[in-house]
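Remarks on the structure that follows.
No value in this document is a laboratory result; all are computed from the given coordinates. Since the model is a prediction, treat every value here as computed from it, not as a measurement. Neighbour counts run over all protein chains shown; Cβ positions are idealised from the backbone, glycine included.
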Amino acid sequence: MMRAAALSLCLCLALGLAGCQTPETPRGPQVMTGAEGIKLEALRVVKLVYGQEPDSAFDTLPYAGGDITPVIKRMRARLPQIKPLLESGAVGLSAEGALKSRESAAMASQQAALVNAENLDRTILYRANMFDTGHLDDPRIDWIRYTRAEFARQWSAQAPAGWWVQNEQGEWQRKPA
């Protein structure tokens, strides 16, 4: 009986630690909870997508692999086609971490297809990050909302000057130089 209890305790500890990551920092290893992991993942993923980091930076992602790496690679490949839409202001970065049309007139079908593909990959990315942190079904926190918000902050913070970003009140603002 004691052996079964000890085995159960070890299993619980192992599962609990599986949701944590231990990345190297300049100060040494750092254990992260799911929330900290999502913040770090958002920071690094956006750098990868925006082309600020080389392919070797995939290895620094706390939750690389699975569904995440192929999604990021598709987003990186798609950026040259989406960038003109962001630069012209036809599309902006929404407060929910998605691309959103800013113009009342309908976009050309090719442009709409690009935006839809990007938003689908962003949704896959956010859900994969929630799953990888081990908090997908945690009823105490709305993890999809939290994940989207963290990524939205990074999409906006790392966006070049001149791109349009939406604040939490839904107002569009052009990012200053």
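Side notes on the structure shown:
- For segment 34-166, the Kirkwood estimate of the hydrodynamic radius, built from every pair of different alpha carbons, is 15.0 Å.
- Within the shell defined by Cβ-Cβ distances under 13 Å, the residues around residue 49 carry a net charge of +3, with Lys and Arg each +1 and Asp and Glu each -1.
- For segment 30-105, applying the loop criterion from DSSP together with a ceiling of 12 other beta carbons within 10 Å to the GluC sites (Glu not before Pro) yields 103.
- Cα-based Kirkwood hydrodynamic radius, segment 88-177, one decimal, Å: 14.0 Å
- Table column - 3J(HN,Hα) (Hz), segment 144-150, Karplus curve with 6.51, -1.76, 1.60, x for Gly and Pro: 5, 5, 4, 4, 4, 5, 5
- Take the Cα of residue 124, step 7 Å toward its Cβ, do the same at residue 175, and the gap between the two points is 2.4 nm.
- Dipole of segment 34-166, positive end: most advanced residue of 146, 35, 112 [Cβ charges, Cα centre]: 112
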